[in-house]
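Notes for the one structure printed next.
The values are calculated or read from the model by the stated rules, or taken from the named source; none is laboratory data. Fair warning: this is a prediction, and the values are worked out from it, not measured in the lab. Cβ coordinates were reconstructed from backbone atoms using ideal geometry, including for glycine residues, and neighbour counts include every protein chain displayed.
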């Protein structure tokens, strides 16, 4: 049995167009659990439809996946050779302007929510806005509510000031599920030291990300990526680093335009966004074993690799999601 | 015929619970036109319902009011002894995250929209947030779209930085429909000189407001209010000042809790908000003649009073709303 086969691999984020074949790619890559995006710009009603589609997919493929609701489901999935799918939002748009929607979507199984997606919203600033006013009054209400019900706060696409405010405001550890340090690749999507350090100081985890626009594109080598991960382990400790691949399997070109522009600005047909090219050594979740090999080659211990490849997400998910029995029903 | 009866009175904003009796109060007070709020926290679907109720009210009371779509409708209403109702938003929440909704609601008759209501939203910062990051990327798209279709931008409940950004970004004059200068009464709802000056420099109008929490409450005298209006005329010129009463007729106590807290934070039943008391000399739109008398007593000329009581709103509404024929259909 290879090292990779022994690991419990947890992916901090994927935003694929989910079907049985896409889920089989995860199983082929030895991925046991994933934070699967089910809303980006969607409002509450659109998100209900998206969750309904997930319920159907899970009902039709019980041999392959189940919808997970707490950290211990990851071990169950590993034992049963299934995928534990944690439903997650990449935006707080499904909450709309009603804090009660946090508990509502928690009851429907949502366990992760990013506070903002690129743009400013009712809760705070997004990473691609020029300015960020920090966590709003409503944002503080939502953070408190997410803490109460046991929903993990994600800061990957969140602005600088709102990220720092949310780390300070949350009484539970928070996550950056899919970003890299700013020194590795300079983009507003990656994170400076003074966001990562307070996050890890409070028990949070940052998932190093393979998406080309935050990791360097198709010419990224496995050595370069794994050296960055190793250095992150050196800087912030082996308990603070994970992987968030940000895999985007199964989509047409139109979907990247939706991610970029939503409905908030017109897409110029002459300059419609297209998907970036991934590095040849990692084009999807089936390539996860190469990441384990790369981390070994970079000199990390097997224990440390186990933590980075899934153990840290498992611990964080458990500590945030397992609150009272009351909130564990789906 | 009294001076007041000769005037064309335009009220920059009312947020009443509209019925025939409430509209008859306007006619009794000699009010010819009003920016009538039809959305505060509502999303697109809720706002459609609100506009539908206005269509029904207008259809049932054609002797009393009509839904106005451009500035010249104000003269028509004066001639016909009717009320020209301009539908307005106090928030951009009906636009949701889709800039196309600006034209959609314009086609349904909406002619005024405040960019934010107290809180931060997708477009910018609200006056009661601690920080304001200014007009967002989506906010700039919406301002451009409002300029294009001919919808008046209102900054009354908008934050400082977003207000200044919107004044600079808009190619048409903008309004503060219902706020006072900060020096008159110190509240985040009132406006500093460095917001009012650039607004009037670009042809905008500020409506001095009688709502108790921005004007001083039930002990406000007609002399004090009219002296403030006169001083505003001295400071910014007779073409820049209007009246925005912010009348709130016909509501129960629950509605003030909705205005204050929306769905974004719980209302503490032990400290539920209640309506403030209005000064005895101005308790509703039927008291508008007292305002004309007070402005006369404060020494303003009849021409200046005509401008402040309605002429300036008429000119601004015309200059902003009367774009191409294409956009004037309801």
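For residue B:273, the conditions (1) in contact with a helix residue (DSSP H, G or I) (Cβ under 6 Å, 6 or more places away or on another chain); (2) modelled with pLDDT of 95 or more; (3) part of a loop (DSSP other than H, G, I, E, B) are fulfilled apart from (2). So if I check each of B:99, B:138, which one is over 14 Å from the mean Cα position of the chain (by Cα) and crowded, with 24+ Cβ neighbours inside 10 Å? Checking each option against the conditions leaves just B:138.
Scanning the range A:210-249 for residues that are more than 18 Å from the chain's Cα centre (by Cα) and on the phi > 0 side of the Ramachandran plot returns A:216, A:217, A:237. Here residue B:218 clears all of (1) assigned to a loop (DSSP other than H, G, I, E, B); (2) surrounded by fewer than 16 Cβ atoms within 10 Å (Cβ to Cβ); (3) touching a strand residue (DSSP E or B) at 6+ places or on another chain (Cβ under 9 Å) except the condition numbered (3). When A:239, A:186, A:252 are checked against the criterion of being under 26 Å from residue A:123 (Cα atoms) and out of contact with any strand residue (DSSP E or B) (no Cβ under 6 Å at 6 or more places or on another chain), a single residue qualifies: A:186. Just checking, how many residues over the range B:75-93 are within 12 Å of chain A (Cβ to nearest Cβ) and touching a helix residue (DSSP H, G or I) at 6+ places or on another chain (Cβ under 6 Å)? Number of matching residues: 0.
Okay, residues lined up against (1) part of a loop (DSSP other than H, G, I, E, B); (2) over 26 Å from residue A:224 (Cβ atoms); (3) away from chain B (no Cβ under 14 Å); (4) more than 20 Å from the chain's Cα centre (by Cα):
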position	(1), (2), (3), (4)
A:255	no, yes, yes, no
A:263	yes, yes, no, yes
A:292	no, no, yes, no
A:323	yes, yes, yes, yes
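Touching a residue at least 40 places away in the same chain (Cβ under 8 Å), more than 14 Å from every other protein chain (Cβ to nearest Cβ) and farther than 25 Å from residue B:287 by Cβ: does that describe residue B:199? Considered against the rule, which asks whether it is touching a residue at least 40 places away in the same chain (Cβ under 8 Å), more than 14 Å from every other protein chain (Cβ to nearest Cβ) and farther than 25 Å from residue B:287 by Cβ, residue B:199 comes out as yes. Of all the listed residues (B:84, B:68, B:77, B:113), the sole one being in contact (Cβ under 8 Å) with a residue 24 or more places away in the chain and surrounded by fewer than 23 Cβ atoms within 10 Å (Cβ to Cβ) is B:77. Which of (1) closer than 23 Å to residue B:266 by Cα; (2) within 14 Å of chain B (Cβ to nearest Cβ); (3) over 18 Å from the mean Cα position of the chain (by Cα) does residue A:129 not meet, given it meets every other one? The number of the failed condition is (1). Restricting the range A:279-290 to residues that are part of a loop (DSSP other than H, G, I, E, B) and within 17 Å of residue A:26 (Cα to Cα), the residue that is farthest from the other protein chains (Cβ to nearest Cβ) is A:281. In summary, residue A:31 fulfils each of the numbered conditions (1) more than 18 Å from residue A:282 (Cα to Cα); (2) more than 14 Å from chain B (Cβ to nearest Cβ) with the single exception of condition (1). With respect to the conditions (1) under 20 Å from the mean Cα position of the chain (by Cα); (2) surrounded by fewer than 23 Cβ atoms within 10 Å (Cβ to Cβ); (3) at the interface with chain A (Cβ under 9 Å from one of its Cβ atoms), residue B:54 falls short on a single one, namely (3).
Counting the residues of the range B:11-53 that are assigned to a helix (DSSP H, G or I), over 26 Å from residue B:208 (Cβ atoms) and out of contact with any helix residue (DSSP H, G or I) (no Cβ under 7 Å at 6 or more places or on another chain) gives 10.
One residue alone among A:61, A:43, A:121 is out of contact with any strand residue (DSSP E or B) (no Cβ under 6 Å at 6 or more places or on another chain), in contact (Cβ under 8 Å) with a residue 12 or more places away in the chain, surrounded by fewer than 20 Cβ atoms within 10 Å (Cβ to Cβ) and within 28 Å of residue B:138 (Cβ to Cβ), and that residue is A:43. Against the conditions (1) within 14 Å of another protein chain (Cβ to nearest Cβ); (2) more than 21 Å from residue A:112 (Cβ to Cβ); (3) in contact (Cβ under 8 Å) with a residue 24 or more places away in the chain, residue A:275 satisfies every one except (1). Looking only at residues in the range B:227-253 that are more than 16 Å from residue B:191 (Cα to Cα) and without any contact (Cβ under 8 Å) to a residue 60 or more places away in the chain, the one that is surrounded by the most Cβ atoms within 10 Å (Cβ to Cβ) is B:237. Taking the criterion of being in contact with a helix residue (DSSP H, G or I) (Cβ under 9 Å, 6 or more places away or on another chain) and either assigned to a helix (DSSP H, G or I) or on the phi > 0 side of the Ramachandran plot (or both), the residues of the range A:54-74 that qualify are A:57, A:60, A:73, A:74.
Tell me which residues, restricted to the range B:132-143, are out of contact with any helix residue (DSSP H, G or I) (no Cβ under 8 Å at 6 or more places or on another chain) and either within 29 Å of residue B:187 (Cβ to Cβ) or more than 7 Å from chain A (Cβ to nearest Cβ) (or both). Of everything in the range B:132-143, those that are out of contact with any helix residue (DSSP H, G or I) (no Cβ under 8 Å at 6 or more places or on another chain) and either within 29 Å of residue B:187 (Cβ to Cβ) or more than 7 Å from chain A (Cβ to nearest Cβ) (or both) turn out to be B:136, B:138. If you go through the range B:83-114 and pick out every residue that is in a helix (DSSP H, G or I) and within 16 Å of residue B:148 (Cα to Cα), you end up with 9. For the range A:234-253, taking the residues that are outside any loop (DSSP other than H, G, I, E, B) and at pLDDT 95 or above, the one that is nearest to residue A:290 (Cα to Cα) is identified as A:243.
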